[in-house]
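Everything below concerns the one structure shown next.
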Amino acid sequence: MDKGWSGRTRAVHAGIRRSQYGEMSEALFLTQGFAYASAEQAEARFLKAEADEFIYARYGNPTVAMFEDRIAALEGAEDAFATASGMAAVNGALMAMLSAGDRVVAARALFGSCLYILEEILPRFGVEVVFVDGADLSQWQAAVTPGTRAVFFESMSNPTLELVDIAAVARLASAVGAQVVVDNVFTTPVFSRALAQGADVVIYSATKHIDGQGRCLGGVVLGRREYIRKTVEPYMKHTGGALSPFNAWVMLKGLETLDLRVRAQADTALAVARALEGDPGLDRVIYPGLPSHPQHGLAMAQMGSGGTLLAVDVAGRQAGAFRFLNALRLFQITNNLGDAKSLATHPATTTHQRLPEAQKAHLGITPGLVRLSIGLEDPDDLIADLQGALRLL
Ligand SMILES: *Cc1c(COP(=O)(O)O)cnc(C)c1O
């Protein structure tokens, strides 16, 4: 691959493996296994498989490898391992790295399933997990003590769109030799410079913007070749979290249009946020691309964008939020994000329902909070839908 290419070009061309037919669109190798030319070849491959030699789809597959190489090239990572879902990636990245007696410091504001891994699973295996408020550097400073093995956070949190200062936390982590593991889903590969900012490992749920059209589950762990091939791959290939070749093919094609889609979605998110800010039906509009966001400066420096999601606090608490959601005609009520279709979620009663009330309050998940994932529709239609629903409150 030409190292001079920009990310946008890499996202179209990197990683391609053409068969003898010279197909233009990436081939879908929908196969579990691979035949060997001889018993000797099978023996040799089990001893050491070279980069383009495959054994079994749980270990690797040519279509999956194309996706891994393409997203690694886009992210600027040495290597990548693709997984069946975003959660298989989070679990694999952490479980493969950690051992009993290790200490992990994590941001408190996490996707529900990430929180489950850190709060419920890792402690059962003797890993100490300490939670901090991700936006408060003094809490990171106090918690990231010598002996800390890893820090884990979402670079932009769900659903309140709080940022973690990647470079600052990475400085604290590297001072004690801790690995920086970043769940970068809300930032997307388009606005991510996490590795350059000091992250060691970046994780995506490809289910979100990378597919971008609400079809398939998938995930990926990106990092140094040594970590991906010697730590993550053995764990993943023996525990069964492989990405299906079909889903890999969908994600691979998704990467080709990712940059265009995500930038258009972010531009629309900013237009929507500007149109809604100050609306009497809303107590607050949370969007990192607005100067009113407390971390607007960090968002611009770290991502160069406010991203594709916003959150609004609807007046009238839960009843107001439900009236608003039920009055939307274009936005669909669902819990996914990053789709071409615009989506609305009420976190307090769905994705974050499990959390105790005090923790919801601490995280800013108020009864009126609605998360909006902005799609590819005409911005004026989206604004009209939202304003129309607000007028009915
Ligand atoms: C969706 C999501 C995940 C999990 O991804 P799946 O593909 O649903 O397993 C992890 N982290 C964040 C921030 C997410 O939004």
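Can you compute the helix-only [θ] at 222 nm over the chain? Use -39500 (n - 2.57) per DSSP H run of at least 4 residues, normalise by all residues, nearest 500 deg cm²/dmol. Mind showing how you got there, number by number?
Details: 14 runs with 145 residues, N = 393.
Here the helix-only value at 222 nm equals -11000 deg cm²/dmol.
Determine, for each peptide in 129-138, 197-206, the mean count of other beta carbons within 10 angstrom over its residues, then list the peptides with the highest first.
Listed from highest to lowest mean packing, they are 197-206, 129-138.
Express the carbon and sulfur contribution to the solvent-accessible surface of segment 258-391 as a percent, rounded to the nearest whole number, probe 1.4 angstrom.
On the way: 2940 of 5630 Å².
Using a 1.4 Å probe with all protein chains present, segment 258-391 comes out at 52 percent carbon and sulfur.
Restricting to DSSP loop positions (anything but H, G, I, E, B) with no more than 12 other Cβ atoms inside 10 Å of their own Cβ, which trypsin sites (Lys or Arg not before Pro) remain in segment 7-101?
Counting only loop positions with at most 12 other Cβ atoms within 10 Å, the trypsin sites (Lys or Arg not before Pro) in segment 7-101 are 18, 48.
Cα centroid distance between segment 316-393 and segment 78-92, in Å?
Going from one Cα centre to the other spans 29 Å.
Please report, in debye to the nearest 20, how large the charge dipole of segment 7-254 is about its Cα centre when each Lys and Arg carries +1 at its beta carbon and each Asp and Glu carries -1 there.
280
Which value in nm describes the separation of the simple spin-label points at residue 5 and residue 229, placed 7 Å from the Cα toward the beta carbon?
Result for the modelled spin labels: 2.1 nm.
Which is the longest part of the chain that has none of the GluC sites (Glu not before Pro) sitting in a DSSP loop with at most 11 other Cβ atoms within 10 Å? Spell out each step's value before the answer.
Working: sites that count: 23, 50.
The reported range is 51-393.
Connecting C-alpha atoms closer than 10 Å in a GNM of the chain, tell me which of 283, 211, 52 has the biggest fluctuation.
In this elastic network of the chain, the residue with the biggest mean-square fluctuation among 283, 211, 52 is 52.
Please tell me which of these pairs span more than 30 angstrom C-alpha to C-alpha: 208/237; 230/360; 237/341?
230/360; 237/341
Counting pairs of Cα atoms in the chain, how many percent are more than 37 Å apart?
22
Segment 147-216: which trypsin sites (Lys or Arg not before Pro) are DSSP loop and have at most 14 other beta-carbon atoms within 10 angstrom?
215
Quick check: the distance between the Cα centres of segment 2-28 and segment 249-312, to the nearest angstrom?
29
Can you list the equivalent-ellipsoid semi-axes of segment 59-111, largest first and in whole Å, using the square root of 5 times each Cα gyration tensor eigenvalue?
Three semi-axes, in Å: 25, 13, 11.
Let me make sure I get this right: for segment 128-275, a, b and c are the square roots of the gyration tensor eigenvalues over alpha carbons, sorted descending. Under 1.5 in a/c it's rounded, otherwise prolate if a/b > b/c, else oblate. Which is it?
Oblate.
Mind checking Rg over Rh on segment 209-268, alpha carbons, Kirkwood formula for Rh?
1.07
Please enumerate, by chain and number, the aspartates and glutamates with C-alpha under 18 Å from the C-alpha of residue 253, excluding those fewer than 8 residues away in the same chain.
Straight-line reach from residue 253, under 18 Å: 23, 26, 68, 69, 75, 211, 339.
If I model segment 258-391 as equal point scatterers sitting on the Cα atoms and use the Debye formula, what is log10 I(q)/I(0) at q = 0.09, 0.13, 0.21 Å⁻¹?
The Debye formula, applied to the Cα set alone, gives -0.24, -0.51, -1.33.
Can you pull out the trypsin sites (Lys or Arg not before Pro) in segment 302-393 that DSSP calls coil and that have at most 11 other Cβ atoms within 10 Å?
Values: sites: 317, 323, 329, 341, 354, 360, 371, 391; in loops: 329, 341, 354.
Taking segment 302-393 and a limit of 11 other Cβ atoms within 10 Å, the loop trypsin sites (Lys or Arg not before Pro) found are 329, 354.
The values are calculated or read from the model by the stated rules, or taken from the named source; none is laboratory data. What you see is a predicted model; the values in this text were computed from it and never measured. Note: ideal-geometry Cβ built from the backbone for every residue, glycine included; neighbour counts use all protein chains shown. Please note that ligands, DNA and RNA were not included when accessible areas were found on the heavy atoms of the full protein model with its side chains. Shrake-Rupley method; radii C 1.70, N 1.55, O 1.52, S 1.80 Å.
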